[in-house]
Amino acid sequence: MAGFPVQPQIYHLNDQFRETSRRSPPNPAGGLFGAGHGPATRLGSLISLLNDPANCGRNPRIEIGFRSMCSDEQQLPGGVFSTWLSEVDAALNTGSGIDVPCGDCIACCKSHQFIHIEPTETETLSRIPKELLFPAPGEGPGNMLMGYDEHGCCPMLVEDSCSIYSHRPRTCRTYDCRVFPASDIKNTEIDIPLIAHQAQRWKFTYETRHDQDLRSAVQATADFLRRHPECFADGSPHNATHLATMAIKAHKVFVRMDEERKNTGQIPEDRKVVEAIIAEIRN
Ligand code: SF4
Ligand code: SF4
């Protein structure tokens, strides 16, 4: 999206093709994604049968798939909060990617997502059959979208493994569903049920006061963004992923302002916070 070039993107068909995000593919070795798990999955977002209450639980194929991916209700270690935040912030700002310990979850690759691929991702584009790509609405020349098959799966997903893992889209490399619990976004706010389920399993570790302060900053940022949609280029967040990733990117504003408050005893005006957030997320 204009103004947020690093933002992972997903497009909702039922929302006039708006923003999204995505991420990692499955692991050839049987695992999925992230450090120690090989390939990961991804995401993006679109109208989905799963999102439609009229379809939930009525399509046997979907229901079976959902249950198989969600049978494990155990908590997942999300890592030390400050370490994770530093990594995901870098991934969002540089497009370098982040290792997510997805285990056997491949929800991102099976959630009816349109995956945005930028024109600079030439290696990725060369590995995807041209018939699977189409111009991304509202984006500049060369920006493409890759759709999904009749089951909602990414066409590059072969036997639950990403067939182009080493050259997967940047959108896939930078998606991390831990952004939801980190920014205190509730499951009910996440428009992709499979991902919402997985997101609630993550538990971060808070080793120091610094970890707790950073989490407070991210959550305060998300709360502020909800109350001040003017921070967003399009006047509002497109979805929960957009809100969460912007909270991650802009949390440094709240860290700085908290320092200033401690030094001066003054609380900045909302207008100045809005300006600072816009400057931060557009850098
Ligand atoms: S390209 Fe497809 S299969 Fe590969 S990680 Fe991205 S969504 Fe998953
Ligand atoms: S939903 Fe989360 S854990 Fe599952 S594949 Fe996507 S990023 Fe990994």
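The values are calculated or read from the model by the stated rules, or taken from the named source; none is laboratory data. Everything quoted here is computed from the prediction, not taken from an experiment. Quick reminder, even Gly has a Cβ in these numbers, built from the backbone with ideal geometry, and neighbours come from all protein chains shown.
Give the residue, chosen from Asp89, Asp104, that is closer than 30 Å to His210 by Cβ, of a type in the set (Asp, Glu) and touching a residue at least 40 places away in the same chain (Cβ under 8 Å).
Asp89
If you take the residues of the stretch 150-165 that are aliphatic (A, V, I, L, M) and surrounded by 19 or more Cβ atoms within 10 Å (Cβ to Cβ), which of them is farthest from ligand 2 (Cβ to nearest atom)?
Ile164
Kindly establish whether Leu214 is part of a helix (DSSP H, G or I) and under 20 Å from Gly78 (Cα atoms).
The answer is yes for Leu214.
Scan the stretch 91-116 for residues that are surrounded by 24 or more Cβ atoms within 10 Å (Cβ to Cβ), β-branched (Val, Ile, Thr) and over 22 Å from Arg201 (Cβ atoms) and jot them down.
Ile115
Tell me, which helices (runs of 4 or more DSSP H) wholly within the stretch 85-190 include 1 or more residues that are modelled with pLDDT under 95 and either within 16 Å of ligand 1 (Cβ to nearest atom) or among the basic types (Lys, Arg) (or both)?
Per the criteria, 170-174.
Residue check, Tyr165 against (1) within 13 Å of Cys109 (Cβ to Cβ); (2) among the hydroxyl-bearing types (Ser, Thr, Tyr); (3) under 12 Å from the mean Cα position of the chain (by Cα), all met but one. Which one?
Going through the list (1) within 13 Å of Cys109 (Cβ to Cβ); (2) among the hydroxyl-bearing types (Ser, Thr, Tyr); (3) under 12 Å from the mean Cα position of the chain (by Cα), Tyr165 breaks only (3).
Considering the stretch 219-271 alone, what residues qualify as being among the hydroxyl-bearing types (Ser, Thr, Tyr), part of a helix (DSSP H, G or I) and surrounded by fewer than 17 Cβ atoms within 10 Å (Cβ to Cβ)?
Selection gives Thr264 alone.
Quick one: which residue in Thr245, Thr205 is out of contact with any strand residue (DSSP E or B) (no Cβ under 8 Å at 6 or more places or on another chain) and β-branched (Val, Ile, Thr)?
Exactly one residue qualifies, and that residue is Thr245.
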